[in-house]
Each structure stands twice: as C-alpha cells, then as structure tokens.
1. Only one of (1) touching a strand residue (DSSP E or B) at 6+ places or on another chain (Cβ under 8 Å); (2) under 21 Å from S156 (Cα atoms) fails for T115. Which number is that?
2. Please go through the stretch 163-183 and give me each residue that is of a type in the set (S, T, Y), assigned to a loop (DSSP other than H, G, I, E, B) and open to solvent by less than 50 Å² (accessible area, probe 1.4 Å), ordered by number.
3. Please pick out the residue among S156, S189 that is open to solvent by less than 60 Å² (accessible area, probe 1.4 Å), hydroxyl-bearing (S, T, Y), within 22 Å of L95 (Cα to Cα) and touching a residue at least 24 places away in the same chain (Cβ under 8 Å).
4. Quick one: how many residues across the stretch 113-138 are in contact (Cβ under 8 Å) with a residue 40 or more places away in the chain, hydrophobic (A, V, I, L, M, F, W, C) and surrounded by fewer than 17 Cβ atoms within 10 Å (Cβ to Cβ)?
5. Quickly run through the stretch 80-112 and pick out the residues that are farther than 19 Å from S189 by Cα and open to solvent by 90 Å² or more (accessible area, probe 1.4 Å).
6. Tell me, please, whether a residue that is under 29 Å from I209 (Cα atoms), under 25 Å from the mean Cα position of the chain (by Cα), among the β-branched types (V, I, T) and in a helix (DSSP H, G or I) can be found in the stretch 72-93.
7. Could you list, in sequence order, the residues of the stretch 192-204 that are of a type in the set (A, V, I, L, M, F, W, C) and open to solvent by 40 Å² or more (accessible area, probe 1.4 Å)?
Amino acid sequence: DHKAILVTLSENRSSDARNIIKVLSEIEFEQKEAKIAIENAERERIAKAKREERERIAKAKREERERIAKAKREERIRQQEAQRLVWQRKEDARLAERRRQIMNMKPVVCDKIITALNANEVRAIRKYPLNNAYRVAGVATDINVTYGDAVVSIKSDVDIFNGCSAEMSSFDDAEVINVGDNIDLFCSSWSETAGNVRFNKCRIYLKVISQ
C-alpha cells in the first residue's frame, strides 16, 4: 500500500515521498469530495422524490375535492331541475285546470247583479262572492278614463240610478271597444259602491282563453 511505498521511498528520496504523499492526499481529497457530492446528490434525489410525492398527494387530494365538489354541484343541479320539472308539471296542470274553468264560465250580465243587490245585498254578495273571477257580458255604453284607469260602462235596464262598469287591465283592451259593442270580459273581482257595480281588472275574454 502507499505506506509501504512511502517507507521505501523515504529511505532513498524524501522529495519523491513528499510528492507521492501530496498526490495521494489530493486523490484522497478528490475521493472524499466525490463521495460527498454523491451523498449530496442522493440526499437531493431523496428530497426531490419526497417533494414530488407530497405534490402528487396534494394534487390527488385537490382533484378529489374538486371531483366531490363537482359531483355535489351536478347533484344539486339535478335535484333543482327535478324540482323545477315537478313544479312545472303542477303549474301546467293548474293553468290547464284554470283555463278549463274559465272556458266553462257562464257569462254574468249586469242586470242580474243589480237586481240581486236591490233585493238583498247580503244575499247578492253570497251568491256572487266579491273576490271571485267572473265572465261579464253586456253592451258598452261609454269608454272613458277615470283616475288613470280605462273604464267601460255597461248597459243596465233594471235600474236607472245604478249600473255597472268594468275597469280594464290595460288601455290596449279598452281601445278596441266602441260604444254599442257587445263585450265579453274576464274580470278578477267586483265591488259595490252606493248600488253601483264595478268589475275589476277586466280583460277581453277571448284573449284570456287564447293564451
């Protein structure tokens, strides 16, 4: 080994021994540096692998959370759509039933309600509840604007002091009516003031059933 070489050489040429020792020391130093570099590289490789594993786990957890959140959103949307469809079916059925009822309505004429009121207001209101909707038929005697509302007066032959009028839902509906026209209206309710009947929020009947 190098110790034997050193001993042999020291007996002959001490300068050569020093050179050899120097060379060997450099080799040993380089070997140590190489070993340290290898160890550092291995530690870096392990650290990198751990970082990558942590990142992989974090990414997997993040993707799992996103998947769960997406699934929950989709389930919530599905439930909302199912609820909307149930509501829509019920609403369609309600509207269909409402339309059927409206189409089967028998027209009420002004004279009948005026006659009933003149006979007994309590009995009249029980027979014709105020908040019920009515199909009203008659002859238009006047179309005017009262306090910003389009109002159509309806002919009555049973009482010269009291009569009926219809408050129209829109000016568009009132605009097409002329004095003397036979009118057919759908009104949401009615009220009575000093013996006069006023039908409220009235629309053209044919427009209502055609919607």
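The values are calculated or read from the model by the stated rules, or taken from the named source; none is laboratory data. Bear in mind that the values here come from a model prediction, so they are computed numbers and not experimental data. Neighbour counts are summed over all protein chains in view; Cβ atoms, including those assigned to glycine, are modelled from backbone coordinates with ideal geometry. Note: areas computed on protein heavy atoms with side chains; ligands, DNA, RNA excluded. Shrake-Rupley method; radii C 1.70, N 1.55, O 1.52, S 1.80 Å.
1. Result: T115 passes all but (1).
2. Once the filter is applied, which keeps residues that are of a type in the set (S, T, Y), assigned to a loop (DSSP other than H, G, I, E, B) and open to solvent by less than 50 Å² (accessible area, probe 1.4 Å), the stretch 163-183 yields only S170.
3. S189
4. Qualifying residue count, the stretch 113-138: 3.
5. Those that are farther than 19 Å from S189 by Cα and open to solvent by 90 Å² or more (accessible area, probe 1.4 Å): Q80, Q83, R84, W87, R89, K90, R94.
6. Yes, the stretch 72-93 contains a residue that is under 29 Å from I209 (Cα atoms), under 25 Å from the mean Cα position of the chain (by Cα), among the β-branched types (V, I, T) and in a helix (DSSP H, G or I).
7. The one that is of a type in the set (A, V, I, L, M, F, W, C) and open to solvent by 40 Å² or more (accessible area, probe 1.4 Å): A194.
Residue-wise test of (1) part of a strand (DSSP E or B); (2) modelled with pLDDT of 95 or more; (3) within 28 Å of R100 (Cα to Cα); (4) in contact with a Phe, Trp or Tyr (Cβ under 9 Å, 6 or more places away or on another chain).
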{"site": "A140", "(1), (2), (3), (4)": "yes, yes, yes, no"}
{"site": "I143", "(1), (2), (3), (4)": "yes, yes, no, no"}
{"site": "V158", "(1), (2), (3), (4)": "no, no, no, no"}
{"site": "F161", "(1), (2), (3), (4)": "no, no, no, no"}
{"site": "L185", "(1), (2), (3), (4)": "yes, yes, yes, yes"}
{"site": "F199", "(1), (2), (3), (4)": "yes, yes, yes, yes"}
{"site": "V208", "(1), (2), (3), (4)": "no, no, yes, yes"}
